Amino acid sequence: MSAAGTSKDAMLTAIRRGLRRRPLPEDQAFALRARLAAHPRHVIPARSRLDHAGQVALFAANVEKEFGSVVRVDDLAGVPAAVADYLAAQNLPGQFVIAPHPGLRAIDWSSRPLLRFREGRAEATDAVAIQHGFAGIAETGTLMLPSAPERPTTLNLLAEAAIVVLAADRVVGAYEEAWDLLRAEMGGMPRNVMLVTGPSRSADIEQALELGAHGPRRLHVVLVGG
């Protein structure tokens, strides 16, 4: 058993002890392990069963439905102009923090020399952060953002405006397909996976919608490619 597996078992044992629960009977434990290994499908909504062009269009429509915004560009060369236009339209500063991801490092920012950025984690003083999108889920307009050294989680949480650069060919129909991608490409679960549907918001107080309650007030997706 790996060190991670041993640590997990120790943690679960401690939780059971705290709850004064005994280990599961072997037949129940076997059934639980089998279910976790099988990744069973839930009912997949028919609205996401489209061709890929339809899924991309549905994803964009659902992002906008959830108070986000979307712009499409043909390739990475169009990203700097899209970012500059968005920042200007929102009266945001032309400086930002960006994920140190190879897909973002491939962008040539020289066409917009007034944009300034640094790579790394976001700080509380950052107004704008640019993250690399792992996948987009059409059925709800949700972004899947797993944590990794090249995708710092603070970029998803601290800035007032979050911009996500997402390749259009990473849009899938249903959540199950996004989880399939993650398991296939990351070889297991990362420390954290954020599922982001629109900017942060809450209506807990008097049912009045407040944007930016627990994170970014704005969410903008730059969809790259066909």
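The values are calculated or read from the model by the stated rules, or taken from the named source; none is laboratory data. For clarity, every value in this text was computed on a predicted model and none was experimentally measured. All Cβ positions, even for glycine, are placed from backbone atoms using ideal geometry, and neighbour counts span all protein chains on display.
Can you tell me which residue in the range 83-106 is farthest from Pro216 (Cα to Cα), limited to those that are of a type in the set (A, V, I, L, M, F, W, C) and surrounded by 17 or more Cβ atoms within 10 Å (Cβ to Cβ)?
If we filter the range 83-106 for residues that are of a type in the set (A, V, I, L, M, F, W, C), which is where we start, we get 83-84, 87-89, 92, 96-99, 104, 106.
Next, only the ones that are surrounded by 17 or more Cβ atoms within 10 Å (Cβ to Cβ) stay: 83, 87, 92, 96-99, 104.
Values: Val83: 16, Leu87: 14, Leu92: 13, Phe96: 14, Val97: 14, Ile98: 15, Ala99: 16, Leu104: 20 Å.
Here the answer is Leu104.
Hey, does the range 74-96 have a residue that's in contact with a helix residue (DSSP H, G or I) (Cβ under 6 Å, 6 or more places away or on another chain) and more than 21 Å from Glu160 (Cα to Cα)?
So far as the range 74-96 goes, no, none of its residues is in contact with a helix residue (DSSP H, G or I) (Cβ under 6 Å, 6 or more places away or on another chain) and more than 21 Å from Glu160 (Cα to Cα).
Might you check whether a residue that is surrounded by 13 or more Cβ atoms within 10 Å (Cβ to Cβ), farther than 19 Å from Gly133 by Cβ and of a type in the set (A, V, I, L, M, F, W, C) occurs anywhere in the range 49-61?
Yes.
Consider Asp51 against the criteria (1) within 20 Å of Val171 (Cβ to Cβ); (2) out of contact with any Leu (no Cβ under 9 Å at 6 or more places or on another chain); (3) touching a residue at least 60 places away in the same chain (Cβ under 8 Å): it satisfies all of them except one. Which criterion is unmet?
Going through the list (1) within 20 Å of Val171 (Cβ to Cβ); (2) out of contact with any Leu (no Cβ under 9 Å at 6 or more places or on another chain); (3) touching a residue at least 60 places away in the same chain (Cβ under 8 Å), Asp51 breaks only (3).
Identify all residues within the range 166-202 that are part of a loop (DSSP other than H, G, I, E, B), within 20 Å of Ile98 (Cβ to Cβ) and within 12 Å of the chain's Cα centre (by Cα); write none if there are none.
Asn192, Pro199
Of all residues being assigned to a loop (DSSP other than H, G, I, E, B) and modelled with pLDDT under 80 in the range 1-27, which is surrounded by the most Cβ atoms within 10 Å (Cβ to Cβ)? Just the residue, please.
Our first condition is that a residue be assigned to a loop (DSSP other than H, G, I, E, B); within the range 1-27, this holds for 1-2, 19-25.
This time we only want the ones that are modelled with pLDDT under 80, so: 1-2, 20-24.
Working: Met1: 8, Ser2: 7, Arg20: 6, Arg21: 9, Arg22: 8, Pro23: 10, Leu24: 13.
That would be Leu24.
Within the range 191-217, how many residues turn out to be over 16 Å from Ala60 (Cβ atoms), modelled with pLDDT under 95 and either among the acidic types (Asp, Glu) or surrounded by 15 or more Cβ atoms within 10 Å (Cβ to Cβ) (or both)?
Qualifying residue count for the region: 9.
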